[in-house]
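Student: My questions will all concern the structure given below.
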Ligand code: HEC
């Protein structure tokens, strides 16, 4: 149980801290995030009753049991719309975080104010865990990656590792062929020189398309 004087101390110190930093109008970032490398928990939107809507950064200050210490807090000077992802300071000094991604999981958490100076939250309680569905791979990126290895196998010997050109083949980075269609046709129909069937778009092979995507998006950038 949190004593009411402790709660008041918390709200007060939160007010003082934010008062010093107010004025900057940070842009509204997305969801809460935890960076495992730095131990920083970023809460872009925290509803602090009596203070306002705050952008807060906490740092993992103890691991067993877990404690987070408030590092920065800025009150939004422009109106912020709260939604179901917004964190909240609730009665009894409870910090409720509806959704924070840690690795490939989304956690719903409660922490409690355990020290007012510096403001420290502990008693971490996991309310819920959801697996994050990995985003579908981007077909263009897949094609570029496939094209990169085909290029290394079939083209680099004559055109250089980075398309810079070599004794046997001209530069592809300074080539006039910089758009998908004519470049793909050139590769499909004539390259690799002397072995043009080795890199075609045919049946299950997408070699000409993949190498074209690689050249345009990597070598020619
Ligand atoms: C045996 C050496 C050799 C290999 C291997 C080779 N090329 Fe070439 N490539 C050439 C030569 C020589 C030319 C210039 C003559 C021509 O356009 O046919 C050329 C021309 C090109 C051009 C036209 C450049 C321009 O500006 O007109 C492209 C594009 C190209 N190669 C891409 C590729 C790709 C992609 C591969 C691999 C799938 C490849 N080449 C493999 C030798 C080679």
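Student: Only helices (runs of 4 or more DSSP H) wholly contained in the range 137-221 count here; list those with 1 or more residues that are on the phi < 0 side of the Ramachandran plot and surrounded by fewer than 18 Cβ atoms within 10 Å (Cβ to Cβ).
Tutor: Output list reads 139-154, 156-159, 180-190.
Student: Could I ask something else about it? Of the conditions (1) in contact with a strand residue (DSSP E or B) (Cβ under 8 Å, 6 or more places away or on another chain); (2) farther than 30 Å from residue 214 by Cβ, residue 132 clears all except one; give me its number.
Tutor: (2)
Student: Does residue 81 satisfy being in a loop (DSSP other than H, G, I, E, B) and over 22 Å from the mean Cα position of the chain (by Cα)?
Tutor: On the way: in a loop (DSSP other than H, G, I, E, B): yes; over 22 Å from the mean Cα position of the chain (by Cα): yes.
Taking the combined requirement at face value, the residue satisfies it.
Student: Taking the conditions exactly as written (over 26 Å from residue 56 (Cβ atoms) and either in a loop (DSSP other than H, G, I, E, B) or touching a residue at least 12 places away in the same chain (Cβ under 8 Å) (or both)), does residue 113 satisfy them or not?
Tutor: The answer is no for residue 113.
Readers should treat all values here as calculations from the given coordinates under stated rules, not as data from a laboratory. Fair warning: this is a prediction, and the values are worked out from it, not measured in the lab. FYI the Cβ positions are ideal-geometry reconstructions off the backbone, even for glycines, and counts take in every protein chain you see.
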